[in-house]
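**Q** Before I ask anything, here is the structure I am working with.
The values are calculated or read from the model by the stated rules, or taken from the named source; none is laboratory data. Keep in mind that what you see is a predicted model, and the values were worked out from it rather than measured. Glycine gets a Cβ as well: all are built from the backbone with ideal geometry, and neighbour counts include every protein chain shown.
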Amino acid sequence: MRMSLVSLISFAIALASCVHAHPDHSTSLDALSARDILDALSTRDIIDELSDRLERRAFVCSVCNNAFPSASALQDHVKRAHAAH
């Protein structure tokens, strides 16, 4: 059986597109394991953790090292206190 070069190239392109159309589903296993971990936590645990992380996240002034709860509060501080800098 002989195949022309054009037929061989078109077959290779079709095979490559088929491979890209059906990706590996290993990410769904990661999502399932994350789901199992989250399922073990209560809603209160998740809310407490998020609250702690939000409290630790601070916006720090690069001039005076003061911390602010939001980016807008930091911007207001910089405009008022360090306008000359």
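**Q** Among the residues of segment 32-70, what is the count of those that are aromatic (Phe, Trp, Tyr) and touching a residue at least 12 places away in the same chain (Cβ under 8 Å)?
**A** Selection size over segment 32-70: 1.
**Q** Continuing with the same structure: Can we say SER42 is among the small types (Gly, Ala, Ser) and either modelled with pLDDT of 70 or more or touching a Gly at 6+ places or on another chain (Cβ under 9 Å) (or both)?
**A** yes
**Q** Among residues belonging to segment 47-67 that are more than 20 Å from the chain's Cα centre (by Cα) and among the β-branched types (Val, Ile, Thr), point out the one that is modelled with the highest pLDDT.
**A** Filtering segment 47-67 for residues that are more than 20 Å from the chain's Cα centre (by Cα) and among the β-branched types (Val, Ile, Thr), the one modelled with the highest pLDDT comes out as VAL63.
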